[in-house]
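Q: Let me give you the structure first, and then I'll get to my questions.
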Amino acid sequence: MFFEGSEKKVELQTCATAVSLKQLPVSFWRQALALADAEILSNLSNTYCDAYVLSESSLFVWDHKLLLITCGNTRLVDTVMCVIDKIGSDGISELSYQRKNEFSPHLQTTRFEDDVALLRTKIAGSAYRVGHLDGHHHYLYSAKHAAQTEKSACLLMYHLNGEIAQYLRSDKQSSIEIRKRLDLERLLPDFEFDDHLFQPCGYSINGLFEDKFITIHITPQERSSYVSVETNMDFLHYPFNIFSELLMILNPRSWDIIGMNMQVDNLSFPSNRRLASCVLQLNQSNEFNYNHYTQADTEILSAEVL
């Protein structure tokens, strides 16, 4: 079985005078998400944010900010265009669009270049590739004149190993047990969570605490296992690094750390080698930080019979 776990992501901020995104009806978000072939499965809300678990990852909506992450062969850019049309281009103060190179790009309905061509009809910006075209790489599009975006960090994990990886691929899973194995109740006791276990495997969870959020998406298939973790938590205010904790639990062969206006300390990471890094000044307000790691031990491969 194969499912494309690599995600597309948009972060969008609106001007203070623009209509509140949080006040838009759920019917609007359902219609907008349908354009990307995604649907709302459940939701979690507090004073600051509405968090939606989707059939293809997650949507977070604040009064003047939106974070949308989709996986599979979704057309996220079509949803973004719908939101921009609703708000108006003049109401957008910041936009960044990221897309990881896919395991099977030929199954996608659009390329990054296609998405950027659409976005440029509404929001002027610059496009980048970080990493080698013939290997591991990320694409990024950033608005030309953007307000400073909130600090956030993303952990992307590849090729899970060990007992928990086997459990996540088994037919014995439960949401309760996955939460227990991720140790979220201990690590983030103040957070309220909303999750969904997919069939035959796959797991998504959103968490909120005041103005802080975390979202985790697990695609555990052995040939293309992938986990993403996104948060705006300030790591300096916690007695631990949540990324380090999840790395030790999920035991990936390699991983990426992506920070927006934020550097993530790697001192508590499992033994590793940093293979690549990039600091990219997107504009006067925002800085993109990228680091790619692999486990320190040499991987022993087994040939796959085709």
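Q: Could you list, in sequence order, all residues of segment 158-179 that are surrounded by 13 or more Cβ atoms within 10 Å (Cβ to Cβ), over 19 Å from Thr215 (Cβ atoms) and small (Gly, Ala, Ser)?
A: Ala165
Q: Restricting attention to segment 56-75, which residues are outside any strand (DSSP E or B), under 28 Å from Ile218 (Cβ atoms) and either modelled with pLDDT under 95 or more than 19 Å from the chain's Cα centre (by Cα) (or both)? I'd like the intermediate steps shown before the answer.
A: If we filter segment 56-75 for residues that are outside any strand (DSSP E or B), which is where we start, we get 56, 62-64, 71-75.
Still in the running and under 28 Å from Ile218 (Cβ atoms): 56, 62, 71-75.
Correct list: Glu56, Cys71, Gly72, Asn73, Thr74, Arg75.
Q: Identify all residues within segment 242-256 that are of a type in the set (Asp, Glu) and not in a helix (DSSP H, G or I); write none if there are none. Don't jump to the end; show me each part of the working.
A: Of segment 242-256, the ones of a type in the set (Asp, Glu) are 245, 256.
Of everything in segment 242-256, just one residue is of a type in the set (Asp, Glu) and not in a helix (DSSP H, G or I), namely Asp256.
Q: Which residues, taken from segment 259-284, are surrounded by 14 or more Cβ atoms within 10 Å (Cβ to Cβ) and among the small types (Gly, Ala, Ser)?
A: Gly259, Ala276
Q: Restricting to segment 259-289, give me the number of residues that are touching a strand residue (DSSP E or B) at 6+ places or on another chain (Cβ under 8 Å), free of Cβ contacts under 8 Å to residues at least 60 places away in the same chain and farther than 17 Å from Arg129 by Cα.
A: Final tally of qualifying residues: 8.
Q: Still on this structure, please answer the following. What is the residue count in segment 127-149 for residues that are out of contact with any Gly (no Cβ under 6 Å at 6 or more places or on another chain), exposed (fewer than 14 other Cβ atoms within 10 Å of the Cβ) and either in contact (Cβ under 8 Å) with a residue 24 or more places away in the chain or over 18 Å from Glu11 (Cα atoms) (or both)?
A: Number satisfying all stated conditions: 5.
Q: Within the bounds of segment 178-193, is there any residue that is closer than 20 Å to Ser55 by Cα, part of a loop (DSSP other than H, G, I, E, B) and in contact (Cβ under 8 Å) with a residue 40 or more places away in the chain?
A: No, because not a single residue in segment 178-193 is closer than 20 Å to Ser55 by Cα, part of a loop (DSSP other than H, G, I, E, B) and in contact (Cβ under 8 Å) with a residue 40 or more places away in the chain.
Q: I'm told Pro220 meets every condition in (1) modelled with pLDDT of 90 or more; (2) within 30 Å of Gln13 (Cβ to Cβ) except one. Can you identify the failing condition by its number?
A: Single failed check for Pro220: (2).
Q: Which ones in segment 102-148 are in a loop (DSSP other than H, G, I, E, B), under 17 Å from the mean Cα position of the chain (by Cα) and either modelled with pLDDT of 90 or more or within 29 Å of Ala18 (Cβ to Cβ) (or both)? Quick ask: steps written out before the conclusion?
A: Narrowing segment 102-148 to residues in a loop (DSSP other than H, G, I, E, B): 102-104, 108-111, 121-124, 132-136, 144-148.
Filter once more, so that each one left must be under 17 Å from the mean Cα position of the chain (by Cα): 102-103, 136.
Once the filter is applied, which keeps residues that are in a loop (DSSP other than H, G, I, E, B), under 17 Å from the mean Cα position of the chain (by Cα) and either modelled with pLDDT of 90 or more or within 29 Å of Ala18 (Cβ to Cβ) (or both), segment 102-148 yields nothing.
Q: Scan (1) modelled with pLDDT under 95; (2) touching a Pro at 6+ places or on another chain (Cβ under 9 Å); (3) under 18 Å from Met248 (Cβ atoms); (4) not hydroxyl-bearing (Ser, Thr, Tyr) for the single condition Met157 breaks and write down its number.
A: Tallying (1) modelled with pLDDT under 95; (2) touching a Pro at 6+ places or on another chain (Cβ under 9 Å); (3) under 18 Å from Met248 (Cβ atoms); (4) not hydroxyl-bearing (Ser, Thr, Tyr), Met157 fails exactly one: (1).
Q: Take the residues of segment 1-11 that are modelled with pLDDT under 95 and in contact with a helix residue (DSSP H, G or I) (Cβ under 8 Å, 6 or more places away or on another chain): which is surrounded by the fewest Cβ atoms within 10 Å (Cβ to Cβ)?
A: In this case the residue turns out to be Phe2.
Q: Which residues, counting only those in segment 290-299, are without any contact (Cβ under 8 Å) to a residue 40 or more places away in the chain, surrounded by 14 or more Cβ atoms within 10 Å (Cβ to Cβ) and either farther than 20 Å from Ser254 by Cα or not aromatic (Phe, Trp, Tyr) (or both)?
A: Of the residues in segment 290-299, the ones without any contact (Cβ under 8 Å) to a residue 40 or more places away in the chain are 291, 293, 296-298.
Still in the running and surrounded by 14 or more Cβ atoms within 10 Å (Cβ to Cβ): 291, 293.
Within segment 290-299, just Asn291 meets the criteria.
Q: Okay, next question. If I filter segment 84-101 down to residues being touching a Phe, Trp or Tyr at 6+ places or on another chain (Cβ under 9 Å) and not in a loop (DSSP other than H, G, I, E, B), which single residue comes out as modelled with the lowest pLDDT?
A: Taking segment 84-101 first, the residues touching a Phe, Trp or Tyr at 6+ places or on another chain (Cβ under 9 Å) are 86, 95-101.
From what is left, the residues that are not in a loop (DSSP other than H, G, I, E, B) are 86, 95-100.
Details: Lys86: 96, Leu95: 95, Ser96: 95, Tyr97: 95, Gln98: 95, Arg99: 93, Lys100: 90.
This residue is Lys100.
Q: I'd like to check something: does segment 228-239 contain any residue that is within 21 Å of Tyr128 (Cα to Cα), at pLDDT 90 or above, of a type outside the set (Gly, Ala, Ser) and touching a helix residue (DSSP H, G or I) at 6+ places or on another chain (Cβ under 7 Å)?
A: No, every residue in segment 228-239 fails to be within 21 Å of Tyr128 (Cα to Cα), at pLDDT 90 or above, of a type outside the set (Gly, Ala, Ser) and touching a helix residue (DSSP H, G or I) at 6+ places or on another chain (Cβ under 7 Å).
Q: So Ser58 clears everything in (1) crowded, with 17+ Cβ neighbours inside 10 Å; (2) in contact with a Cys (Cβ under 9 Å, 6 or more places away or on another chain); (3) not hydrophobic (A, V, I, L, M, F, W, C) except one condition, right? Which one?
A: With (1) crowded, with 17+ Cβ neighbours inside 10 Å; (2) in contact with a Cys (Cβ under 9 Å, 6 or more places away or on another chain); (3) not hydrophobic (A, V, I, L, M, F, W, C) applied to Ser58, the lone miss is (2).
Q: Collect the residues in segment 1-28 that are within 22 Å of Thr110 (Cα to Cα) and of a type in the set (A, V, I, L, M, F, W, C), keeping them in residue-number order. Lay out the reasoning, then the answer.
A: If we filter segment 1-28 for residues that are within 22 Å of Thr110 (Cα to Cα), which is where we start, we get 2-12.
Once the filter is applied, which keeps residues that are within 22 Å of Thr110 (Cα to Cα) and of a type in the set (A, V, I, L, M, F, W, C), segment 1-28 yields Phe2, Phe3, Val10, Leu12.
The values are calculated or read from the model by the stated rules, or taken from the named source; none is laboratory data. Nothing here was measured: the structure is a model prediction, and the numbers come from that model. Neighbour counts run over all protein chains shown; Cβ positions are idealised from the backbone, glycine included.
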